[in-house]
Amino acid sequence: MAAQAAPAEELSKLSVETKPAPAAANGNDSDAESGDEEAEEGAAAPAAGAAKKKKKRKPKKKKKAPTSQSEPPRVLVSQLFPNKQYPKGEEVEYVNDNLNRVTNEEKRHLDNLNQEFLTDYRHAAEVHRQVRQWAQKSIKPGQTLTEIAENIEDSVRALTGHSGLEEGDALIAGMGFPTGLSINHCAAHYTPNAGNKMVLQEDDVMKVDFGVHVNGRIVDSAFTVAFNPRYDPLLEAVKAATNAGIKEAGIDVRVGDIGAAIQEVMESYEVEINGQMLPVKSIRNLNGHTINHYSIHGTKSVPIVKSNDQTKMEEGDVFAIETFGSTGNGYVHEEGEVSHYAKRGDAAKVDLRLSSAKSLLNVITKNFGTLPFCRRYIDRLGQDKYLLGLNNLVSQGIVEAYPPLVDKKGSYTAQYEHTILLRPTVKEVISRGDDF
């Protein structure tokens with residue numbers, strides 16, 4: 001403990017012998033004729049000085065490194081895992097002809113060569129898990145969709161450490177694609193644009209679909225929120241169907257066979273709404289898909305109904321296994337205001353005549369590349385009056401627009417999704433968590 005200075009009253013009671021030392025310590029050449037008062041002053045000053053010297057500053061306590069996530073999530077995931085040993089996803093051994101891959105030394109060697117790839121994917125997956133688990137607890141009726149979307153997106157940016165406000169920052173890590181908040185008969189591709197006042201209601205069924213990327217490695221995972229227990233069978237059907245698709249997936253498996261397994265499970269459920277028993281149908285024109293580097297939709301699709309598609313899954317593929325169930329027609333169409341966009345990687349070079357289109361394309365290229373974005377993301381970069389230019393880029397085939405996808409009005413839809421890696425040795429459900 002630090003020494004405390006002596007009170008002045010106690011110092012005046014000290015008996016002091018007249019010696020030359022105190023005078024020297026005080027910096028004066030006083031002689032023997034100096035009065036008692038001077039002697040006392042000469043003694044008191046060094047005593048006070050000595051006391052001051054004994055004072056020690058309390059050492060500043062070092063801030064302990066965080067060991068758990070905050071609410072709302074704001075702690076960098078890289079701080080929680082300083083050695084970059086991010087949690088693995090669920091590892092599932094291959095079966096049948098691929099069983100030997102687990103022990104094959106060559107395959108193990110190939111797996112070890114992919115450590116940077118796996119580190120980035122597991123980093124992104126851990127961010128997704130922590131954000132979505134908090135979102136599942138925090139989303140409540142009465143919140144606006146804008147509030148929900150921004151809470152999720154702010155959390156992803158905080159946990160990756162990239163706000164996306166500086167040029168190119170969002171390309172390092174952050175949102176893999178905008179937060180989809182599709183309600184009831186709307187199945188996908190809805191996020192609020194600026195000025196949207198829509199409020200989540202007690203009887204709504206909302207799909208929450210968002211992506212996280214680290215160095216272009218995108219984790220795509222989705223869940224459904226419902227507050228009325230009557231929708232539980234719908235959510236259970238879709239979750240079980242997604243897990244059936246994940247179980248079936250593997251190297252050399254035909255995607256058409258996966259679709260058959262998904263449909264069989266999905267359509268074994270029914271849900272009672274307003275006294276009417278309704279079958280749960282797979283939405284037949286929505287699919288899972290491969291995920292490429294900085295590109296959310298690859299070239300392979302995974303149907304969620306029985307199909308004759310003979311395309312095979314291959315070693316090294318990354319798939320989003322997602323299923324959608326509906327109490328409606330089981331078929332969606334485009335309808336409503338567009339919010340989701342992405343620059344096409346295969347777009348031909350076009351001589352743009354509209355200056356606003358040229359300027360906006362530059363902003364998109366430098367901040368999003370081929371990652372999907374929404375109008376709110378352009379707004380937060382300080383851009384305004386850009387809609388004419390954006391529509392021109394869409395019409396020229398440079399940017400792809402993704403309108404909301406809806407089933408018939410009055411129906412309810414649900415979605416669950418995970419990202420899987422077909423590693424040389426095992427299948428890793430990279431986004432799997434305790435929640436689903």
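Candidate cross-link partners of residue 385 among the aspartates and glutamates, defined by an alpha-carbon separation under 20 Å and a same-chain spacing of 8 or more, comprise 167, 337, 400. What the chain shows is 52 Å² of accessible area per residue, with the surface traced by a 1.4 Å probe over protein heavy atoms.
Computed on segment 338-401, with alpha-carbon pairs under 8 angstrom and 6+ residues apart, the relative contact order is 58 percent.
Considering only alpha-carbon pairs that sit under 8 angstrom and 6 or more positions apart, the relative contact order computed for the chain is 19 percent.
Taking all protein chains together and rolling a 1.4 Å probe, residue 332 ends up with roughly 10 Å² accessible. Under 5 Å from the amide H of residue 278 lie the amide H atoms of 271, 272, 273, each residue being 5 or more positions distant or on a separate chain, with H modelled from the backbone and absent for Pro and chain starts. With contacts taken as Cα pairs under 8 Å and at least 6 residues apart, segment 254-313 reaches a relative contact order of 49 percent. Which residues does a label at residue 312 reach in segment 416-433, if reach means a backbone N under 18 Å from a point 7 Å past the Cα toward the Cβ? Zone members listed by number: 422-427. When segment 338-401 is described by a simple charge dipole with +1 on each Lys and Arg Cβ and -1 on each Asp and Glu Cβ, the residue from 341, 399, 383 located farthest towards its positive end is 383.
Diagonalising the gyration tensor over the Cα atoms of segment 81-167 and scaling each eigenvalue by 5 before taking the square root yields semi-axes of 36, 18, 10 Å, largest first.
Over all projection directions, the Cα-based convex hull of segment 338-401 averages an area of 3.8 nm².
Would you mind telling me the share, in percent, of accessible area of segment 338-401 contributed by carbon and sulfur at probe 1.4 angstrom? In segment 338-401, the share of accessible area belonging to carbon and sulfur is 48 percent.
Counting charges near residue 120 (Lys, Arg +1; Asp, Glu -1) among other residues having Cβ under 12 Å from its Cβ returns a value of +1. With K and R counted +1 and D and E -1, the other residues having a Cβ less than 10 Å from that of residue 324 yield a net charge of 0. In terms of its Cα atoms, the chain spans 117, 58, 54 Å along the principal axes, sorted from long to short.
Among the listed pairs 88/427; 207/427; 312/343, a Cα-Cα separation exceeding 20 Å is found for 207/427; 312/343.
The values are calculated or read from the model by the stated rules, or taken from the named source; none is laboratory data. None of the values given here were measured: they were computed from a predicted structure. Don't worry about glycine lacking a Cβ; one is built from the backbone with ideal geometry, like all the others, and counts go over all protein chains shown. When the accessible area is computed, the model is the full protein with side chains, heavy atoms only, and any ligands, DNA or RNA have been set aside. Shrake-Rupley method; radii C 1.70, N 1.55, O 1.52, S 1.80 Å.
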